[in-house]
Every structure is written in structure tokens, then in C-alpha cells.
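I have placed the structure first, in the form of C-alpha cells, so that the comments after it can refer back to it.
The values are calculated or read from the model by the stated rules, or taken from the named source; none is laboratory data. Quick caveat, the model's predicted, so the values are computed rather than measured. For neighbour counting, all protein chains shown are included, and Cβ atoms are generated from backbone atoms with ideal geometry for every residue, glycine included.
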Amino acid sequence: MSALFELDGVHVRYGAVHALRDLRLTIGAGERVALVGANGSGKSTLLRVLHGLARPSSGRARCLPTNRQAMLFQHPYMLRTSALNNVALGLWLRGTAWRQARKRAAQALDQVEMGELAGRNARSLSGGQKQRLALARAWAQSPEALLLDEPTASLDPHSKREVENLMQRFSAGQSATMVFASHNLGQVQRLADRVVYLDHGRILADLPVHDFFNGPLPETASLFLKGERIL
Amino acid sequence: MNTLLESVQTALRLIVSLDPVLLAIVGRSLAVSVTACILACTLGMAAGAWLSVAAFRGKAAVLTLLNTSLALPSVVVGLIVYLLLSHSGPLGFLGWLFSFKAMVLAQTILVLPFVTALVRQAVGDAEADHGEQLRSLGAPASMRGLLLLWDERFALVTIVIAAFGRAISEVGAVMVVGGNIDGYTRVMTTAIALETSKGDLPMAMALGLVLLTVVLALNILGAMVRRWREQRDAGGASILAREAL
């Protein structure tokens with residue numbers, strides 16, 4: 001299994017705040033990794049480093065080139081134009097001719113069962129539909145890795161399920177690597193095969209999903225797990 | 001009070017009878033301000049969008065200067081353009097002083113910082129909120145500027161309307177560089193100042209009413225754009241509400 005992402009002693013600072021501290025992490029092709037931890041633990045910063053949106057203050061990050069990976073945000077940004085154009089734009093920005101981009105965008109919308117909404121202004125879509133649209137935008141680019149920053153955090157249960165199903169289809173269909181941050185432990189169990197637990201910018205646990213939920217954990221991770229389960 | 005009423009009555013007569021002198025002044029005013037506005041908006045939108053996405057040393061100083069230039073008195077702009085265009089000035093060879101072109105240049109310089117600063121604010125806010133996602137899609141800085149400019153087009157309409165309002169209602173700059181020459185560089189604001197000083201209040205009032213009507217029309221247009229935008233957003237929300245049911 002070849003490594004797509006390799007972080008060695010990565011440290012990220014924003015002024016006086018240490019977002020990531022001495023991080024060592026390797027993610028191989030085809031892995032489905034969940035990043036868990038309390039708010040402010042560094043999950044989003046780690047995803048941004050992997051995606052090339054944030055630079056380490058020190059340490060070495062060897063990541064898949066940005067044009068071979070895609071990232072989904074908690075609140076996906078859609079331009080004030082049709083759903084189809086929003087998906088096509090992602091392809092066009094990566095060098096696909098506009099007409100070809102629209103053709104592939106239409107196929108991607110069908111994949112997320114949004115073909116009927118192709119002409120609808122993307123700004124008028126619901127949160128769940130926007131997230132599915134963002135998945136279509138990522139999917140259309142056939143990325144080798146998909147990074148997701150709490151993609152279902154602000155969705156209702158039905159939309160959550162739909163997006164989760166698409167994530168499952170994405171990782172199964174394209175055998176792509178998937179790294180996602182989530183507070184939803186059920187989702188982590190359903191979608192991940194490896195869990196990385198972060199606390200104050202440090203990795204405290206990096207275990208296969210079964211071991212994370214059943215094996216012994218460092219105290220803070222164990223407390224977090226209990227708290228999240230109670231909630 | 002009688003003078004005011006008589007002035008208003010005479011002014012309305014001049015407007016209704018389409019007085020040729022009045023029409024010529026109004027037409028010239030509109031031509032100067034529309035041309036200046038097109039130039040200032042083209043340059044200002046490009047500069048504002050670029051300032052929103054570009055990262056360079058001294059950006060904070062540039063923004064401070066830009067914000068300071070918002071408070072430039074129009075008469076000072078007129079003076080600077082006068083010095084530039086006067087025979088001994090660096091642009092004296094153009095022979096533009098006391099011409100239509102000089103007035104356009106003065107109004108463009110007056111409105112340019114206004115457009116640039118407002119566009120930078122609108123696009124800068126959008127860049128702060130969404131720039132990272134556009135970067136994630138592979139958009140370089142220049143493309144982000146263009147995409148966000150296009151995406152904020154409704155806010156830009158309001159900025160254009162406000163810029164035109166500022167251009168057409170200013171008097172100091174066009175007075176200094178245009179010279180208020182009858183039939184050549186006389187515009188609404190300079191004519192109002194002149195006619196008032198001469199005591200020809202009906203003509204001044206007629207021009208004042210036209211100027212107010214133009215500004216009122218602009219405000220109505222701005223309000224209509226805002227309302228149309230709100231209705232579009234509400235339309236989207238109602239579609240969502242229907243789907244939820």
C-alpha cells in the first residue's frame with residue numbers, strides 16, 4: 001500500500017496558538033480514516049495541511065498533489081449559478097474545456113441523484129442538497145483522495161444518511177482514499193477502517209476502528225468517547 | 001415664500017416645455033457622469049477585486065491610503081487635475097483643460113477610490129468566507145477575484161448606482177477643471193451655483209429638481225435591485241419550505 005500522505009514532525013502555529021504539534025502520520029491508498037477529537041483539537045487544520053491549504057510552520061508534509069484530491073467543507077460554497085455550472089466550474093478550473101466539463105458535470109449530478117436539479121440555482125438548495133452537490137463536484141474530478149471536514153455536522157438525519165451513503169459509494173466505487181473529520185461516532189464506525197484521535201493538536205491514538213471502540217485508550221480519548229456516547 | 005413658489009412654478013414650466021438650454025445642460029451632465037462612472041467602475045472593480053485576493057508587502061498601507069482617499073474633497077481633486085492639465089503641468093500637452101474630457105477625468109479620479117474601496121470590501125468579505133474553498137477547487141488568486149466579483153454582482157449594482165450618484169452631484173471638481181463655460185462645459189451642478197449667484201432662481205430650481213429626480217431615480221433603482229434580490233432569495237427559501245412539507 002503506497003503512502004499518499006506523509007507527515008513528519010509537522011507543527012502548525014497561528015500566532016500564539018499551536019494548532020498541530022509534532023504530528024507524524026502516514027495515510028496509504030484506499031484507507032478510510034476518521035479524524036476525531038474535541039473542537040479545537042486540530043482536525044480541520046490537519047485536513048487543511050493534507051489538502052495544501054495550510055503550510056506547516058515546521059516539519060515535513062509530503063501530500064498528494066492538490067489536483068489529484070478533493071475536499072468537502074462543512075458549509076460548501078456554491079456560486080450564484082445553476083447546480084450544473086457549479087459542478088462544471090470545478091472541472092473547468094482544473095483545465096477541462098467548458099463544454100466537456102458540463103457534460104461530465106451532468107453525469108456527476110446523476111450519480112448523486114440530483115439530475116433533476118441541474119438547472120436550479122445552487123444557492124436555493126437545502127443544506128443536504130448542497131452537500132450532495134459538493135460531493136458531485138468532487139466526484140466529477142475523479143480524485144484519488146477525498147477529504148471531508150465534518151460534512152454532515154449541520155444536516156438533518158435524512159440528509160445525513162443520504163450524504164453518508166454517497167460517501168460509502170464513493171470510497172467503494174473508486175477505491176479512493178477517504179479522510180474525514182467527524183463528531184458522529186456512529187458514522188465513524190460505519191465509514192472508517194482507521195481512527196485518528198487528536199487532542200490539542202497531538203495524535204493520542206491511531207488505531208483500527210474496532211480497536212478504537214473496543215480496546216484500551218489513553219484517558220482523554222476514553223473520556224471523549226464516553227462523553228460523545230452519552231450525548 | 002413667494003419667490004420659492006414662483007421659482008418652483010417657473011422651473012416646472014421649463015421642464016415641461018423641454019427648455020433647450022435646460023436639456024443641453026442635463027444631457028451634458030449625464031454624459032460626463034456616465035462616462036466617468038464607466039471608467040471608474042471598470043478600473044475600480046478590477047483594482048478592488050485584485051486588492052481583495054492579492055497578498056503583498058505594504059497592502060495595509062495601500063488600504064489605508066485608499067480609505068483616506070474616500071474623504072478627498074472634490075474641489076481638491078479639481079485642483080490636482082487642474083495642475084496636471086494646465087499648460088505648465090505634466091499633462092498640459094493634451095490640451096484638455098476646460099473641456100468635457102477634463103471633467104470626465106476629474107470625476108473619474110473622484111469616484112475611483114469610492115468604487116475600489118467598496119468593491120474591495122464586498123469581494124474581500126467573500127474571499128474571507130469562501131476563498132479557501134475556491135483555492136481548494138484550483139482557482140488561482142486572479143481567478144478567485146473574477147469569480148467572486150461575478151458572484152457579488154448584485155452588490156456591485158448598488159455600488160455602481162452610488163458611484164453615479166456621487167459623480168453627478170459633485171460641483172467642485174467640474175467647476176475648477178471645466179470652467180463652467182456656457183454651452184460647452186456647463187453641467188447641472190455648476191449651472192445651479194451660477195444661476196443662484198446671478199439671481200436666476202427659476203433656472204437654478206429647474207436644474208435642482210432635475211438633479212433631485214435623477215438621484216431619486218437612482219435610489220429607486222437601487223431599492224428595486226435590492227428587492228429583486230431579496231425576492232430571489234425568498235423564492236429559494238420557499239422552494240425549500242415546499243419541499244420540506
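Within region A:34-64, how many residues are part of a strand (DSSP E or B) and crowded, with 22+ Cβ neighbours inside 10 Å?
3
Within region A:137-146, is there a residue that is among the charged types (D, E, K, R), assigned to a helix (DSSP H, G or I) and either at pLDDT 95 or above or surrounded by 18 or more Cβ atoms within 10 Å (Cβ to Cβ) (or both)?
Looking for residues that are among the charged types (D, E, K, R), assigned to a helix (DSSP H, G or I) and either at pLDDT 95 or above or surrounded by 18 or more Cβ atoms within 10 Å (Cβ to Cβ) (or both), one finds at least one in region A:137-146, hence yes.
Tell me the residue from A:Gln187, A:Gln131 that is buried (at least 17 other Cβ atoms within 10 Å of the Cβ) and either touching a Leu at 6+ places or on another chain (Cβ under 8 Å) or without any contact (Cβ under 8 Å) to a residue 12 or more places away in the chain (or both), please.
A:Gln131
For region A:87-99: of the residues being within 10 Å of chain B (Cβ to nearest Cβ) and not small (Gly, Ala, Ser), which is farthest from A:Arg123 (Cα to Cα)?
A:Arg94
Could you grab me the full set of residues in region A:111-128 that are within 12 Å of chain B (Cβ to nearest Cβ), of a type outside the set (D, E, K, R) and touching a residue at least 24 places away in the same chain (Cβ under 8 Å)?
Passing the criteria: A:Leu117, A:Asn121, A:Ala122, A:Leu125, A:Ser126, A:Gly127, A:Gly128.
If you take the residues in region A:147-159 that are over 14 Å from the mean Cα position of the chain (by Cα) and in contact (Cβ under 8 Å) with a residue 12 or more places away in the chain, which one is surrounded by the fewest Cβ atoms within 10 Å (Cβ to Cβ)?
Step by step, filter region A:147-159, then rank; the result is A:His158.
Which of the helices (runs of 4 or more DSSP H) contained wholly in region B:1-119 include at least 1 residues that are modelled with pLDDT of 95 or more and either surrounded by fewer than 18 Cβ atoms within 10 Å (Cβ to Cβ) or at negative phi (or both)?
In region B:1-119, the matching helices (runs of 4 or more DSSP H) lie at B:20-53, B:59-69, B:74-85.
Could you list all residues from region B:114-172 that are more than 20 Å from B:Leu43 (Cβ to Cβ) and away from chain A (no Cβ under 14 Å)?
Passing the criteria: B:Ser169, B:Val171, B:Gly172.
Can you pull out every residue in region A:57-86 that is more than 10 Å from chain B (Cβ to nearest Cβ) and of a type in the set (D, E, K, R)?
Hits for region A:57-86 are A:Arg60, A:Arg62, A:Arg68.
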